[in-house]
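One structure is given below, represented as structure tokens, and several questions about it will come after.
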Amino acid sequence: MKIQKNLKIFLFIFLSSIGLQAQNEKTKDTITEKNLDEALLHPNDVIRLDLSNQKINFETLDLSTFINLEYLNLENDHFKEFPKGLNNLKKLKTLNLSGNDFTNLPSNFIELTSLEELFLNNEIKFKLENNLVTLSKLPALHSLHLENDKLKKIPAEISLLKKLKYLNLNKNKLKEFPLGIQALQKLQYLDLKDNFIKQEDIDLLPLNFGFQINL
């Protein structure tokens, strides 16, 4: 009986330690690191990195150091040239490039094969039409944010983004419904709020779509 009791105690402690370890791992994975210097001390452990609204010297920074990165926020860092090593982040799923000063995505951007969600908000200098082919080559991309980009029209090449499920075009200057979106057969949600498009304008069009529109 004593042996059985000791065995039960041992099993309880063992299972509890496993559960605690798993919880610690989960907690570690969800922590967002905001200090670059601290992140560089343990780059392999960094899963989420938020460098937004900071003065970063991207000429000396090699992002490929963060080999396990899944989330990266570079919003409002005002860079013109893309950070070195960005294309090597093979596990990256979410990338926020909003509020920067670049015009085009680099050719190696298509190497972000795990990228699912991309934020390109507040991009006044970004040339959407020149970059849609590049965006279409991202195999996992399903969510694209083009909010407050002063867009007056959406290029027909938007139809190339065949895998897109969520498209956010709110706070632009669109006056007409972008007909090229009809070709996006996997699209589930389209945000057109705060443009110049009205519901009655859409009702008059011979559209055949199955996605939700937010006006």
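Taking LEU61 as the residue in question, decide whether it is open to solvent by less than 30 Å² (accessible area, probe 1.4 Å) and farther than 20 Å from LEU160 by Cα.
Against the criterion (open to solvent by less than 30 Å² (accessible area, probe 1.4 Å) and farther than 20 Å from LEU160 by Cα), LEU61 qualifies.
Right, here's the next one. Pick from LEU167, LEU187: which is in a loop (DSSP other than H, G, I, E, B) and open to solvent by less than 80 Å² (accessible area, probe 1.4 Å)?
Every option except LEU187 fails the conditions.
Still on this structure: Between GLY85, GLY99, which is among the small types (Gly, Ala, Ser), within 22 Å of LEU141 (Cβ to Cβ) and within 16 Å of the chain's Cα centre (by Cα)?
None of the other options fit; the residue is GLY99.
Considering only residues that are outside any loop (DSSP other than H, G, I, E, B) and not polar (S, T, N, Q), look in the stretch 62-88 and name the one that is nearest to LEU105 (Cα to Cα).
Here the residue is LEU86.
Separate question: Before we move on, is GLU157 open to solvent by 30 Å² or more (accessible area, probe 1.4 Å), outside any loop (DSSP other than H, G, I, E, B) and either within 19 Å of LYS125 (Cα to Cα) or modelled with pLDDT of 95 or more (or both)?
Considered against the rule, which asks whether it is open to solvent by 30 Å² or more (accessible area, probe 1.4 Å), outside any loop (DSSP other than H, G, I, E, B) and either within 19 Å of LYS125 (Cα to Cα) or modelled with pLDDT of 95 or more (or both), GLU157 comes out as yes.
Restricting attention to the stretch 89-119, which residues are open to solvent by less than 50 Å² (accessible area, probe 1.4 Å), part of a loop (DSSP other than H, G, I, E, B) and under 18 Å from LEU167 (Cβ atoms)?
Those that are open to solvent by less than 50 Å² (accessible area, probe 1.4 Å), part of a loop (DSSP other than H, G, I, E, B) and under 18 Å from LEU167 (Cβ atoms): LEU97, SER98, LEU105, LEU115.
How many residues are open to solvent by less than 10 Å² (accessible area, probe 1.4 Å) and of a type in the set (Phe, Trp, Tyr) when one looks only at the stretch 64-78?
1
Does the stretch 27-54 hold any residues that are open to solvent by 30 Å² or more (accessible area, probe 1.4 Å) and either free of Cβ contacts under 8 Å to residues at least 12 places away in the same chain or assigned to a helix (DSSP H, G or I) (or both), and which are they?
Within the stretch 27-54, THR27, LYS28, ASP29, THR30, ASN35, ASP37, GLU38, LEU41, HIS42, ASN44, ASP45 qualify.
So, one more: Going through the stretch 120-147 one residue at a time, which ones are over 20 Å from GLN212 (Cα atoms), open to solvent by less than 50 Å² (accessible area, probe 1.4 Å) and either of a type outside the set (Asp, Glu) or in contact (Cβ under 8 Å) with a residue 60 or more places away in the chain (or both)?
Answer for the stretch 120-147, where residues must be over 20 Å from GLN212 (Cα atoms), open to solvent by less than 50 Å² (accessible area, probe 1.4 Å) and either of a type outside the set (Asp, Glu) or in contact (Cβ under 8 Å) with a residue 60 or more places away in the chain (or both): LEU120, ASN121, PHE126, LEU128, ASN131, LEU132, THR134, LEU135, SER136, LEU138, ALA140.
The values are calculated or read from the model by the stated rules, or taken from the named source; none is laboratory data. Computed from a predicted structure; not experimentally measured. Neighbour counts run over all protein chains shown; Cβ positions are idealised from the backbone, glycine included. All accessible areas refer to the heavy atoms of the entire protein, side chains included, with ligands and DNA or RNA removed. Shrake-Rupley method; radii C 1.70, N 1.55, O 1.52, S 1.80 Å.
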